[in-house]
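Engineer: Supplied in structure tokens, the structure appears directly below.
The values are calculated or read from the model by the stated rules, or taken from the named source; none is laboratory data. Predicted model only: the values in this text are computed from it and were never measured. Methodologically, a virtual Cβ is constructed for each residue, glycine included, from the backbone with ideal geometry; neighbour enumeration extends over all protein chains shown.
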Amino acid sequence: MRTSASTSPSASPSTAAARPRLAVWKFASCDGCQLTLLNCEDELLPLAAEVEIAYFLEASSATVAGPYDLSLVEGSVTTQADAQRIGEIRAASRRLVTIGACATAGGIQALRNFADVDGYLAAVYATPAYVSTLSTSTPISAHVRVDFELQGCPIDSRQLLEVISAFLAGRRPAISSASVCTECKRRGTVCVMVAHGTPCLGPVTHAGCGAICPAWHRGCYGCFGPMESPNTPALVRELTVLGMDDRETGRVFRTFNAAAPAFLAASRDAAEGGGIHAEDTDAEDTDAEDTQAEDTHAEQ
Amino acid sequence: MAQPEVVEAVVRPAALGTLVEVLRARGYRVVGPTVRDGAIVYDEIAGAAQLPVGWTDVQQPGRYRLERRGDAALFGYAVGPHSWKQHLLPPRLRLLRIRRGGGEGSEAVEGSEAVEGSEAAEEFEAAEEFEAAEEPTPRTRVAFLGVRSCELHAIAIQDRILLGGGTRDRDYAARRSDVFIAAVNCHEPGGTCFCVSMNTGPAVREGYDLVLSEILDADHRLLVEAGTARGAEVVGELAGRAAEPADRTAARAAVDRAADRMGRTVEAADLRDLLADNLEHPRWDEVAQRCLTCGNCTMVCPTCFCTSVEDVSDLRGGEAERWRSWESCFSLDHSYLHGGSIRAAGRSRYRQWLTHKFGTWHDQFGTSGCVGCGRCITWCPVGIDVTEELAAIRANSLAGDPDPTSAQPRPPAREARDDAS
């Protein structure tokens, strides 16, 4: 189903020539960020009036050839073919914005970066030779120049509309890169870490979700990835005070943004502290990881 | 309909319900302390049942817990995560709405004819009239119930900043214009409190309509004193008895005991000069190892007033809005000038916060920016304690050193890493 930018079948662009052309691309991902756009029910028609939705396979199989004024890219690069395809998309795009944890940090699938991918292939597939994959999952920015990165797993629909509106107006998107704590405090939420002793990644996590989890008495999971100046060692010391061991502190940083540099460093530090090991990521362990994240954020 | 003015009375705890009713009857939205999500927060209350009766808070750096008291005290706690600034300087506020006028058929702006035919003319012809509407200022009357002395000082500091001089803030002025303040003498300082050091409490001195003193002996009662004429009218409606010397003595003793039980102290003298002399103190590097730059301290601080203003537009470019939000000197945006942020390192941002709060605030506003409420200590997720930081700098001051950058050995860099700076 993947169609490269340069070979997209062409529909007639004549009636919509004046509108900027929007393209939405998928790489290795769960489609959740594309769905965030599709779920903007009230704004989708106004958006279609302002831009020509030229390439968005999640919405329509009708596509328009490039070049494109704005490309939204979901997903990470996990194959050699995708590494080549993103170069073609970049060349066909005036502005390229990456959306979501996969595209901005490598996503949950970047857990493979800590593991032996050949071992996975041998364990899962009867004929591993049919599978062509890279040993790493990397963000789009590791391959091409990116004009703006919108973090989140999934992204926030209001923020996505803000980025598109800003593009259309030719202005900078009003997207804060400060901590989730700023959003918690602005909405008057009582700090779950200070008042309940609940481990929380909010102080090192990028704002944007509106601080949902703490408002429901849960610690932040860090799904928006690192904030602008994350001091993860300082937070890990506090998580330890709250009762987490190296294994647990390592695991909370190995989720959707595991390969984001600040979170990667934090989990590596924990691994060196005797917790998770570099090789400690076989298939069974991946399930255990999800369970662990639940446990460590359980309500108290 | 003049009410009898009573300057002083003694009332039963149940009179707090009457107080809320009286204030509501006078058109005030009553905001007071109430238990929510494991903390005592300030929120709108409809009756005395919502007050934190019998609760107290146990506070230390980075830690806050509610506990049951053995009595039915109404004000037996210190201060929580909220401050009154939530209600006077809202965390997020729309300032302005701008709408395009008539659309395609509307008249071009003046001057378009003069440059007709040129590229500029096309732009002018495309330009339309804009309608801009400032956000209407709120007109609600608000009563604050349970305001501590430190908090009255904080409000006075924000008044000076937001109402004084050439920077009168329109929205703040409207919200501040009709606030009824029912203060309370603080009898229960928290583990992170240091108002005595900052000379801001615990006894209420000024800036209130009425002040309550809770007397928790066998005869649980409150001494109510009016500070304004409208406060006296309200006191008159509480149906109390006349105050006796024993009531005043008991109230005085309670606030004196509180002054002796401060959780923390700061040597406040000459802090401005001390900090100015120590801008290169190695302690800034040390604290930066611990500081998360998350901004919690500034958000809970009752005097921090920084806001940022953002313009946003809709998809069609037909409407734009200007919003103001609480901002923090711990964000990179706060010091973003042309081309980048000038306080990129956590060290620079922590130093900015502390030296402004305790030092350059004096130069700017003629007062310290700290009222000793302890919120920044309690609500720092890693428990950084401003009193400890100030003491560390004072204990090892670089004042008088010919070359302050080299005179002090720097502590070994712990877990220094590029991405954590």
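Engineer: I'm trying to understand the selection: among the residues of segment A:201-238, which are buried (at least 22 other Cβ atoms within 10 Å of the Cβ), within 10 Å of chain B (Cβ to nearest Cβ) and more than 25 Å from B:Ala344 (Cβ to Cβ)?
Structural biologist: Selection gives A:Pro214 alone.
Engineer: To continue, here is another question. Just checking, does segment A:115-134 include any residue being of a type in the set (D, E, K, R), at pLDDT below 95 and part of a helix (DSSP H, G or I)?
Structural biologist: Scanning segment A:115-134 turns up at least one residue that is of a type in the set (D, E, K, R), at pLDDT below 95 and part of a helix (DSSP H, G or I).
Engineer: Being of a type in the set (D, E, K, R) and either in a helix (DSSP H, G or I) or at pLDDT below 95 (or both) is the filter; apply it to segment A:1-48 and report the residue that is farthest from A:Gly100 (Cα to Cα).
Structural biologist: Across segment A:1-48, the extreme among qualifying residues is A:Arg19.
Engineer: Just checking, which of A:Leu96, A:Leu45, A:Leu37 is of a type in the set (A, V, I, L, M, F, W, C) and surrounded by fewer than 18 Cβ atoms within 10 Å (Cβ to Cβ)?
Structural biologist: Within the list A:Leu96, A:Leu45, A:Leu37, the selection yields A:Leu45.
Engineer: Still on this structure, I have one more. Could you check B:Gly201 against (1) modelled with pLDDT of 85 or more; (2) surrounded by 15 or more Cβ atoms within 10 Å (Cβ to Cβ); (3) in a helix (DSSP H, G or I) and say which number it fails?
Structural biologist: It is condition (3) that B:Gly201 fails.
Engineer: Related question: Being farther than 18 Å from B:Gly146 by Cβ and within 14 Å of chain A (Cβ to nearest Cβ) is the filter; apply it to segment B:61-78 and report the residue that is surrounded by the fewest Cβ atoms within 10 Å (Cβ to Cβ).
Structural biologist: Per the stated criteria, the residue is B:Glu67.
Engineer: Would you point out which residue out of B:Gly369, B:Gly383 is closer than 30 Å to B:Ala203 by Cβ, assigned to a loop (DSSP other than H, G, I, E, B), at pLDDT 95 or above and within 13 Å of chain A (Cβ to nearest Cβ)?
Structural biologist: Within the list B:Gly369, B:Gly383, the selection yields B:Gly383.
Engineer: Continuing with this model, one more query. Give me a count of the residues in segment A:126-166 that are within 14 Å of another protein chain (Cβ to nearest Cβ) and touching a strand residue (DSSP E or B) at 6+ places or on another chain (Cβ under 8 Å).
Structural biologist: The total comes to 7.
Engineer: Also, I was wondering about something else. Can you tell me which of B:Thr303, B:Thr249, B:Thr293 is of a type in the set (S, T, N, Q), away from every other protein chain (no Cβ under 14 Å), farther than 21 Å from B:Ser397 by Cβ and buried (at least 17 other Cβ atoms within 10 Å of the Cβ)?
Structural biologist: After ruling out the rest, the residue left standing is B:Thr303.
Engineer: Please tell me if B:Arg316 is modelled with pLDDT under 95, over 25 Å from A:Ser229 (Cα atoms) and either in the same structural domain as B:Ala203 (by TED's automatic domain parsing) or basic (Lys, Arg) (or both).
Structural biologist: So B:Arg316 passes the test.
Engineer: Limited to segment A:245-264, what total is found for residues that are in a loop (DSSP other than H, G, I, E, B), in contact with an Asp or Glu (Cβ under 8 Å, 6 or more places away or on another chain) and not charged (D, E, K, R)?
Structural biologist: The qualifying residues number 1.
Engineer: Separate question: Only one of these conditions is not met by B:Trp284: (1) more than 12 Å from chain A (Cβ to nearest Cβ); (2) part of a loop (DSSP other than H, G, I, E, B). Which number is it?
Structural biologist: Of the numbered conditions (1) more than 12 Å from chain A (Cβ to nearest Cβ); (2) part of a loop (DSSP other than H, G, I, E, B), the odd one out for B:Trp284 is (2).
Engineer: What are the residues in segment B:22-35 that are surrounded by fewer than 17 Cβ atoms within 10 Å (Cβ to Cβ) and either closer than 21 Å to B:Ala73 by Cβ or small (Gly, Ala, Ser) (or both), if any?
Structural biologist: Hits for segment B:22-35 are B:Ala25, B:Gly27.
Engineer: Identify the residue in segment A:189-200 that is among the aliphatic types (A, V, I, L, M) and at the interface with another protein chain (Cβ under 8 Å from one of its Cβ atoms) and, among all such residues, is nearest to B:Cys304 (Cα to Cα).
Structural biologist: A:Val190
Every residue, every condition in (1) part of a helix (DSSP H, G or I); (2) among the small types (Gly, Ala, Ser), yes or no:
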| site | (1), (2) |
| --- | --- |
| A:Ala166 | yes, yes |
| A:Arg171 | no, no |
| A:Met193 | yes, no |
| A:Gly210 | no, yes |
| A:Tyr221 | no, no |
| A:Gly243 | no, yes |
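Engineer: A further question follows. Go through (1) assigned by TED's automatic domain parsing to the domain that holds B:Cys186; (2) without any contact (Cβ under 8 Å) to a residue 40 or more places away in the chain; (3) touching a Phe, Trp or Tyr at 6+ places or on another chain (Cβ under 7 Å) one by one and return the number of the condition B:His82 breaks.
Structural biologist: (2)
Engineer: Please go through segment A:247-268 and pick out each residue that is of a type outside the set (Gly, Ala, Ser), crowded, with 18+ Cβ neighbours inside 10 Å and more than 14 Å from every other protein chain (Cβ to nearest Cβ).
Structural biologist: Listed by number, the residues that qualify are A:Glu248, A:Arg251, A:Val252, A:Arg254, A:Thr255, A:Phe256.
Engineer: Which residue pairs have Cβ atoms closer than 7 Å, lie 6 or more positions apart in sequence or on different chains, and pair a first residue in segment A:46-60 that is more than 14 Å from every other protein chain (Cβ to nearest Cβ) and touching a residue at least 12 places away in the same chain (Cβ under 8 Å) with a second residue that is part of a loop (DSSP other than H, G, I, E, B) and of a type in the set (D, E, K, R)?
Structural biologist: If the second residue must be part of a loop (DSSP other than H, G, I, E, B) and of a type in the set (D, E, K, R), the pairs left are A:Glu58/A:Asp31.
Engineer: Is there a residue in segment A:171-188 that is at the interface with chain B (Cβ under 7 Å from one of its Cβ atoms), under 21 Å from A:Gly250 (Cα atoms) and of a type in the set (A, V, I, L, M)?
Structural biologist: Among the residues of segment A:171-188, not one is at the interface with chain B (Cβ under 7 Å from one of its Cβ atoms), under 21 Å from A:Gly250 (Cα atoms) and of a type in the set (A, V, I, L, M), which makes the answer no.
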